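Everything on this sheet refers to the single structure shown next.
Any read-out appearing in this document is the output of simple, stated calculations on the displayed coordinates, not a laboratory observation. Small disclaimer: the values here were computed from a predicted structure and weren't measured. Reconstructed Cβ throughout: ideal geometry from the backbone, glycine too, with neighbour counts over all protein chains shown.
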Amino acid sequence: MRMSTMSAKSERSTSSRGAIRAAAGDTPKKKPDLRKVMPEIWRLIRPRRWLLLFGLALMAINRGAGLILPLSTKFLIDRVLGPHGTPGLLIRLVIVVFSATAVQAVTSFSLTQLLSKEAQRMIADLRKQVQQHIGRLAVSFYDANRTGVLVSRIMSDVEGVRNLIGTGLVEFVGGLLTAVLAFFFLLHSSRNMTLIVFSVIAAFVFILQKAFKTIRPIFRERGKITAEVTGRLTESLGGVRVVKGYHAEHREAGVFAGGVHRLLDNVMRSLTATSLMSLAATTVLGIVGGLVMLIGGHEVIGHRMTTGGYFQYTMLLAYMIAPVFQIVNIGTQLTEAVAGLDRTMEILSEKDEFGDPARVNVLREIHGEVRFEDVHFAYEPDKPVLHGISFEARPGTVTALVGSSGSGKSTIISLICAFHTPDPGRVLVDGIDLATVQLDSYRSQLGVVLQESFLFDGTIRENVMFSLPDATEEQFLSACQIARVDEFAERFPEGYDTIVGERGVKLSGGQRQRLSIARAILADPRILILDEATSSLDSESEAMIQQGLSYLMQGRTTFVIAHRLSTIRRADQILVIEGGRIMERGTHESLYALGGRYYDLYTRQHGLETNLFLAPGEGDTVEETAK
């Protein structure tokens, strides 16, 4: 069975909190490093560079055609409408303007079709890349990051990247090109007036650059807040039964409202910054307009500039200043895109657990011999969880792990699943160190049945065949029959094509567990892990499921985490784990006769069950039951 992610246990809850806080944005704010982001931008653009160059060529034609209208103003006033003008040239001038407008319209349409659609393809590719990479990260990464945060990284952070190749880039570069062309025409018309105007605009651009450096961290922080709020909302909606069961709707609303207010505060700060930039731009526009009116008026009065030349100058000046206003808008979008890409790069830089060069061994078909050799492990330095664990599980045997919560049972299982690597010590399968094994070749022969069966919002068939998508109909039906899935599935109108709902909410606990067992049976694993597979079920459901588990365990190396000790009496070996050490080991009979920790756990639990469910005088004595 392909591995379903095991739930984080209490042993690693403390170690995960710091990383969760980091993921939620409690770490010091960091400005995205443009020098690091630029290679990633080039990597995204490189496969599309010829399309982008073609788009830039179209954009140059588009902007050049757009300047025909202001340039024709001088010709219209001085050569056509003036006292010595030629009215017959009016039609020709209008035809030229209309033609330029048509060229501009066609190139604008082509740019949108080419670059905007390609930008959406780029977003889709990047989303797939991020999702695939996250899927190949170690379980410790999932322990340290909320599901909603990861969803936000995949879906939201890459969205702004469209501006790097789409309309945002076109408007940004096109605006700069228009401004440069207009600037040279203005220089030709009046050098002195243009240099004065340009010095004012240059000062504004300098201020604008400083403002972007200030606003960029705000957008980065917004992405983190959005991810945190989305993560909490996802958890709240997923756990709606717990929320309602404890009448915590008001508390959850308060938590969400707090996140929304943080997001609102961030948006307000960004709006304040952009408003100040707009204020500065409007002020610059007023100053430039006054200067042009003053200097240009003197030029016309002194006959150093014609009336048509003055009107042409003012229109060209508008074409140069307008892109500066656009930069305020578009630059903000590009800044947001860079911040999102920077966060995406953080994910892509995480170490891929499948890419470890030390993992060179491929396990074709394992027998299932598992051996721990003096295994130590710690999630955090100087906080050991396991201390010198050594044991051997032979193929076809059942090994049960018992002990109090937080004793290290789940950590041992995590090491068997190769979710972590011991340090020091070794975990060997068929004599090969798991630290040197290619994970996909090993985990494809590993099966897990958890206490809380995870089901996808699909059909019964899809959930069972998740472990072996290319299974035949005969294999599928056989697995369902062994796990007793057919007993309830065939009663539904849609049969095996019945939708089970999110996390299998439309099925009972016993039905969900039987689906999980059928999934494991279909995978035919060599090593099987049962994590409290029946502890939460009623006696009738447990009886049915125990039959499926008995079949599933035949000939396989099985590890069982059990709190209900009556379910492991037939295990080949029982390991009593306390404080990260093996306190006792043996069969049920030998450990019971020893009268130690296992005896204490067993008699206490069985006595409690007897007191709860049996009237005085009913049932066997504890000693008789144990035997």
| field | Protection proxy ranking of 512-523, 299-310 - average other beta-carbon atoms within 10 Å, highest first | value | 512-523, 299-310
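What's the ranking of 62-68, 50-56 by average number of surrounding C-beta atoms within 10 Å, highest first?
Descending mean neighbour count gives 62-68, 50-56.
Most exposed first by the Cβ proxy, i.e. fewest other Cβ within 10 Å, how do F476, F559 rank? Mind showing how you got there, number by number?
Working: F476 18, F559 24.
Least crowded to most crowded, the residues run F476, F559.
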| field | Distance histogram in 5 Å bins (all Cα pairs of the stretch 370-586, percent per bin) | value | 1, 7, 15, 18, 18, 15, 12, 8, 4, 1, 0, 0
| field | Centre separation in Å (Cα based) which lies between the stretch 292-317 and the stretch 458-537 | value | 82
| remark: Whole-percent tail of the Cα-Cα distance distribution for the stretch 400-471, cut at 17 Å, equals 58
| field | Base-10 log of normalised Debye intensity for the stretch 331-471 (one unit scatterer per alpha-carbon) at q = 0.11, 0.18 Å⁻¹ | value | -0.59, -1.17
